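Colleague: Supplied in structure tokens, the structure appears directly below.
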Amino acid sequence: MTFDEPRDFAGLIERAASLVRPGHRALLGIAGSPGSGKTTLAERLVGELNGAGPAWAAHVPMDGFHLADVELDRLGRRDRKGAPDTFDVAGYAALLRRLREDEDDLVYAPGFERTLEQPIAAAVPVPRTARLIITEGNYLLLRDDAWTRVRSRLDEVWFRELDETERVRRLVARHERFGKDHDTAIAWVLGTDQRNADLVAATRDRADLVVGEVLSGD
């Protein structure tokens, strides 16, 4: 079910914080198509929630569970990098379960290095002080056996929405920034990325909240 969007960014912060209950860690997911601003929104929420205090909120991106290029080559999926079956979904779900169980003083999550376009093990430390974990990725609302395990670990999932023309423009610019020439970037965005975006867009109605551009600050 999709609820009305909060009136301002303060409303988003309040809603995110309200997910946490005494004695229990909460997990918030942010889904959306490639280039829609999921990471920017997650990082802004974490920054505002933490302020100058301890690490009460933490950002754990799904991108750390990209399969490495060597494995994509072995599977014959390198040309579809970013598609649902190019992630370690079981590993991602297992990490979310571990974070929810909240039994460890420190949990290390993998990160993703965009310059290398590769996952980096143990790059994101999540301390015990983190009561709200914000994770973001394309496929949090996808309905298949693997991805539904991810959704079941999350208290809410928000859908980050952006004007389609602007989303494509930003995505092309991002690919160029990290090494693709202009023609290659456009071809990838209109091919592989767009197929993934169409798949993600079809999951919008399953979100608990749709967040538009005005609240993202990006």
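Colleague: Can you bin region 114-193 into rounded, prolate or oblate? Criterion: square roots of the alpha carbon gyration tensor eigenvalues sorted a ≥ b ≥ c, rounded for a/c under 1.5, prolate for a/b above b/c, oblate for the rest.
Modeller: prolate
Colleague: Another one. Please tell me the relative contact order of the chain in percent, rounded to the nearest whole number, where contacts are Cα pairs under 8 Å and at least six residues apart.
Modeller: For the chain, the relative contact order is 35 percent.
Colleague: Sorted by mean Cβ packing within 10 Å, highest first, what order do the peptides 56-66, 143-153 take?
Modeller: Put in order of decreasing packing, that is 56-66, 143-153.
Colleague: Please report the antiparallel percentage of the DSSP beta bridges confined to region 9-210, to the nearest 5.
Modeller: Restricted to region 9-210, the bridges split so that about 40 percent are antiparallel.
Colleague: Can I ask one more? Apply the Debye scattering formula to region 127-173, with a single equal point scatterer on each alpha-carbon and no solvent, then give log10 I(q)/I(0) at q = 0.22, 0.32 Å⁻¹.
Modeller: Those come out to -0.87, -1.16, one per q.
Colleague: Return the loop-located trypsin sites (Lys or Arg not before Pro) in region 1-100 (DSSP other than H, G, I, E, B) with at most 11 other Cβ atoms within 10 Å of their own Cβ; answer none if there are none.
Modeller: Those satisfying the criteria are 7.
Colleague: Next question, about the same structure. Taking amide H positions as placed 1.01 Å from N in the peptide plane, with prolines and chain starts having none, which residues 5 or more places from residue 131, or on another chain, fall under 5 Å of its amide H?
Modeller: Amide H neighbours of residue 131: 57.
Colleague: To continue, here is another question. Using a/c under 1.5 as the rounded threshold, could you call region 47-127 rounded, prolate or oblate? The axes a ≥ b ≥ c are square roots of the C-alpha gyration tensor eigenvalues, and prolate needs a/b larger than b/c, oblate otherwise.
Modeller: It is prolate, given that a/c is not under 1.5 and a/b is the larger ratio.
Colleague: Now, a different point. Could you work out how far apart the two model spin labels at residue 14 and residue 194 are, taking each label as a point 7 Å from the Cα in the direction of the beta carbon, and quote it in nm?
Modeller: Inter-label distance under the simple model: 4.1 nm.
Colleague: Amide H to amide H under 5 Å from residue 123: which residues, 5+ apart in sequence or cross-chain, H placed 1.01 Å off N in plane?
Modeller: Placed amide hydrogens put 109, 111 under 5 Å from residue 123.
Colleague: Let me ask something else. Let me know the charge dipole size of the chain about its Cα centre in debye, to the nearest 20, where only the beta-carbon of Lys, Arg (+1) and Asp, Glu (-1) is charged.
Modeller: My answer is approximately 320 debye.
Colleague: As I understand it, the dipole of region 74-119 uses +1 on the Cβ of Lys and Arg and -1 on the Cβ of Asp and Glu, about the Cα centre. Which of 89, 107, 75 lies farthest toward its positive end?
Modeller: 75
Colleague: Then there's this: Run lengths n ≥ 4 of DSSP H only: what is the helix-derived mean residue ellipticity at 222 nm for the chain, with -39500 (n - 2.57) per run over all residues, to the nearest 500?
Modeller: It lands at -11000 deg cm²/dmol.
Colleague: Using only alpha carbon pairs under 8 Å that are at least six residues apart, calculate the relative contact order of region 87-127 and give it in whole percent.
Modeller: Relative contact order for region 87-127 comes out at 33 percent.
Colleague: Can you pull the Rg over Rh of the chain, Cα-only, Kirkwood?
Modeller: Looking at the chain, the ratio lands at 0.95.
Colleague: If you count, for each residue, the other Cβ atoms within 10 Å and average over each peptide, how do 89-95, 102-108 line up from highest to lowest?
Modeller: Packing order, densest peptide first, comes out as 89-95, 102-108.
Throughout, read-outs are computed from the coordinates displayed, never taken from laboratory work. Quick caveat: nothing in here was measured; it's all calculated off a predicted structure. All Cβ positions, even for glycine, are placed from backbone atoms using ideal geometry, and neighbour counts span all protein chains on display.
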